[in-house]
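Each value in this text was obtained by applying a stated rule to the coordinates, not by laboratory testing. These numbers were taken from a predicted model, which means no experiment stands behind them. Backbone-built Cβ (ideal geometry, glycine too); neighbour counts: all protein chains shown.
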Amino acid sequence: MTYHDRPLLWQMLLPLLFVGFLWVGATAFTVSSLNESQSLTRQLHAGHVTLVLRLESLKNSFSTLNQNLLEILASEEAARIKALDESIRKRQSRLHEEMLQLADALEKEHPDEIPLFNTLHNHFDQYTASVKHVTYLIKDFEKEAAFNEYQKTASKLHVKIDKALQNMTRIEVASMNVAFDESGKREAGNTYLALLFSMISGVLSLLILGWTARRTVKRLNAVGKYASALEKGNLSVPSPKAAKDEIGQLSSNLQHMAQHLESSMKELDTYHRHLEELVDDRTNELTAAKNNAEVANRTKSEFLANMSHELRTPLNAVIGFSSAIQSEIFGSLGDERYAEYINNIHESGSHLLELINDILDLSRIEAGAFTLDEDTIDLPELCQQITTLAQPRAESGQIKLENHVDWNTPLLFGDKRRIKQILFNLLTNATKFTEPGGTVTLKADMNGNESLSVTVTDTGLGMTEEEIELARSRFGQVDGSLSRTHEGTGLGLPLTEALIQLHGGEMKILSKKGQGTAVCVSFPPERIITT
């Protein structure tokens, strides 16, 4: 068995184990160096740093004791004097304990500073005696004698104690800096050795891995070139020499795959030609169907747009003649039933004309034959007119109609008749679907992007998301049952939205079932006229 006939795992195991031993050795040496540095740092902290902190604590305690002594000298209240005296005695007791602890620490780790400590302890004893004398005089109400005693003895001793503590702290800080410098040098030496060992082991590891990878990649490249040739359709290229390891097995599998591919490609070519023929036939059918649908839709829209005159003329005649008879311009009709019938004719004709007008307007918009008669519009005045027109219907339904449009609202540029139609449709819809006792509100607001929004809000029945989509569709009725109580053709909202889009605006509907609806119409900034 040759070397290449062995599994790849065994071919790479020995180099990987050698690399692993190198890295383990480098890591162990680095960890050992860091542990040594940390141990030295902890010793320094336990010795020098702790002593410096202890000296600073003593200094702060002496300062606090002296501050309490000054406070008791300045105090006039007996209760305050008693409290301060108690605090002074407690602090003296704690200072005494701290001095004993400091003496123990110096004897163990810093015996060279014992003479300085003896001087400090002597000053402390004298200071304690002076403090007792001062507090004694204060209790006997001899304030002046107590103050003189403080200035003569306690104050000077406090200064000496402070200087002694500063000297000890300065000596200890200097010793600590020297120790830290020595620790830093040792740590730097350990770090350099660890880095050197890591670099050597890293270079060796990379060389070994590079040699192993290069030998494996060379064989994989040969297999890759063979696979690339197969991908390009060159199935006759010779396969690489196959060994008995995983790469050799891959090469052998690719060779078998090439043989199967050659036979499969012939079959696929036949299926491909047949599929192309089917796709071409289906594409031609769909194109023809699409063209027919577009022609039918365009023909319908053009037909309805062209039928405007033919549909409106007889209806106008019916409405006109019924109106003339209704007003009895040629004399009395006689029977009261004629008047009832004439009213029915007039109302039905008006309703039918309104329906046809909506259908024709939508058809003209679809056919692209709808034009706007644009001019400057005083929106607050227009809203007042619309509110007045919708007021009778609101009152008959016992609905409160509110107009909150500010008279300072900017002018609007658009088709006044169509904008009036938009807002009137929204108000009548809100009134139609609001129960007695409810409220319909009309308001206008400027938006942050300089656009203008007009919102109609009601407290009516509300709609779900599905019902909103149905209401926006043509001839869509939210109440679609045969017994529905709200009249309408289902064209008002779609026509309103189409007219809004002709003005470059958009309509948003926010509604919740049982809680009312808000319809917001936004006009773009270019239609807002600011002065």
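The alpha-carbon of Lys443 sits under 16 angstrom from the alpha-carbons of these lysines, leaving out residues fewer than 8 places away in its chain: Lys400, Lys420, Lys508. A simple spin-label model places pseudo-atoms 7 Å from Cα toward Cβ; at Lys82 and Ser57 they are separated by 3.2 nm. If the segment from Asn221 to Glu97 were pulled out straight at 0.36 nm per residue, it would be longer than the present Cα-Cα gap by 36.6 nm. If the segment from Ser263 to Thr376 were pulled out straight at 0.36 nm per residue, it would be longer than the present Cα-Cα gap by 33.0 nm.
What the phi angles of region 370-383 give under the Karplus curve with 6.51, -1.76 and 1.60, with θ = phi - 60°, is a coupling list of 9, 10, 9, 9, 8, 7, 6, 10, 8, 4, x, 5, 5, 5 Hz, glycine and proline written as x. Between Ile377 and Leu412, Phe413, Gly414, the built amide H atoms are under 5 Å apart, and every one of these is 5 or more places off in sequence or on another chain.
The modelled label-to-label distance between Arg273 and Ala28, using points 7 Å beyond Cα along the C-beta direction, is 7.3 nm.
In nm, what is the difference between 0.36 nm times the number of residues separating Phe147 and Glu450 and their Cα-Cα distance? Intermediate results must be reported in sequence, preceding the final value.
Numbers: separation 303, 0.36 × 303 = 109.08 nm, distance 7.84 nm.
This chain segment gains 101.2 nm when fully extended.
Between Ser252 and Gln326, the distance separating the two model label sites (each 7 Å from Cα on the Cα→Cβ line) works out to 10.0 nm. All Cα-Cα separations within region 57-138 were binned at 10 Å from zero, giving a P(r) of 17, 46, 24, 11, 2, each value a whole percent of the pairs.
Give, to the nearest whole percent, the P(r) tail of region 358-464 beyond 19 angstrom, counting all Cα pairs. Present the calculation step by step, with values, prior to reporting the outcome.
Details: 2865 of 5671 pairs.
Tail of the P(r) past 19 Å holds 51 percent of the pairs.
Label zone (Lys160, point 7 Å along Cα-to-C-beta; backbone nitrogen cut-off 15 Å) within region 119-139: 119-131.
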